[in-house]
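**Q** Following this message is one structure expressed as structure tokens.
Since every read-out is calculated from the coordinates, none of them should be taken as a lab result. What you are looking at is a predicted structure, and each value in this text was computed from that prediction instead of being measured. Reconstructed Cβ throughout: ideal geometry from the backbone, glycine too, with neighbour counts over all protein chains shown.
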Amino acid sequence: MRRGRFAALALALALAIVGIAGFAPGGGLIEGTSAAWTDRTSTSAVVTSGTWSTAATNTCTAYGYDGRALTGCTVSGITYSGWGEPGKQTRNYYVNFQTPAGTRSVSFDVDLSTATGSGGSWTWKNAKVLPGAQFTARGGWTCAQLPRVIGTGADWQVPSVYFQVAESGSSTTC
């Protein structure tokens, strides 16, 4: 008998809960709710053709004897001379600057694809800056970013910074 009363009580309680939950929103003990946010929408696409290129920056900053930045630095040109056969070429690059008086060093951000010079067709895919360059990379720059070069010239390498780039090979500079 106890089991029967317990079952009846449980059934009555379940019906009461269903009855309360069944009231229409705003008309019973439980009110309707709505989301306080909206989901963001995002999309993606796969690039199937084309190339990625960086805009030619060709900028510089001159630093004085005390290490402070000076105004008036400009990249006046980038030239190269190359030799070798396609796939195994080397180029001498010269980044030329116009700097204010009192310049001790120059930092630069240049695009070597804007350089003028002589040499055969060139690919940047595996290019490396060779040891002996007159600059130190900065801002996390690596050879993977070629033809863009971001660096600081060695002290007193004004008005030109020189370095070699090999079309393929290994390097200790990058």
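**Q** Report the gain in length on full extension from Ser160 to Thr71: 0.36 nm times residue separation, minus Cα-Cα distance, nm rounded to one decimal. Write down the numbers at each step before the final one.
**A** Details: separation 89, 0.36 × 89 = 32.04 nm, distance 1.75 nm.
This chain segment gains 30.3 nm when fully extended.
**Q** Quick check on the exposure proxy: order Ser105, Ser168, Ser121 from fewest to most C-beta atoms within 10 angstrom. Can you show the working numbers first?
**A** Details: Ser105 21, Ser168 13, Ser121 8.
Neighbour counts put them in this order, fewest first: Ser121, Ser168, Ser105.
**Q** Okay, moving on. Could you size up the charge dipole of the stretch 74-174 around its Cα centre, putting +1 on the beta carbon of Lys and Arg and -1 on that of Asp and Glu, and report it in debye to the nearest 20?
**A** On the way: 7 positive and 5 negative charges, 25 e Å.
It comes to approximately 120 debye.
**Q** With an 8 Å cut-off on Cα pairs and a minimum separation of 6 or more residues, tell me the relative contact order of the stretch 59-166 in percent.
**A** 31 percent
**Q** Rank these for me by crowding, Ile78, Ile150, going from fewest to most other beta carbons within 10 Å.
**A** Going from least to most buried by this count: Ile150, Ile78.
**Q** May I ask for the net charge around Thr103, where only other residues with Cβ less than 15 Å from the Cβ of Thr103 are counted and Lys, Arg are +1 while Asp, Glu are -1?
**A** So the environment of Thr103 carries a net charge of 0.
**Q** Let me ask something else. Counting other beta carbons within 10 Å of each residue's own, what order do Asp155, Asp66 fall into, fewest first?
**A** By the 10 Å Cβ count, ascending, the order reads Asp66, Asp155.
**Q** Given R₀ = 41 Å, FRET efficiency for Ser81-Thr136 by Cβ-Cβ distance, to 0.05?
**A** Step by step, r from the Cβ atoms, then E = 0.95.
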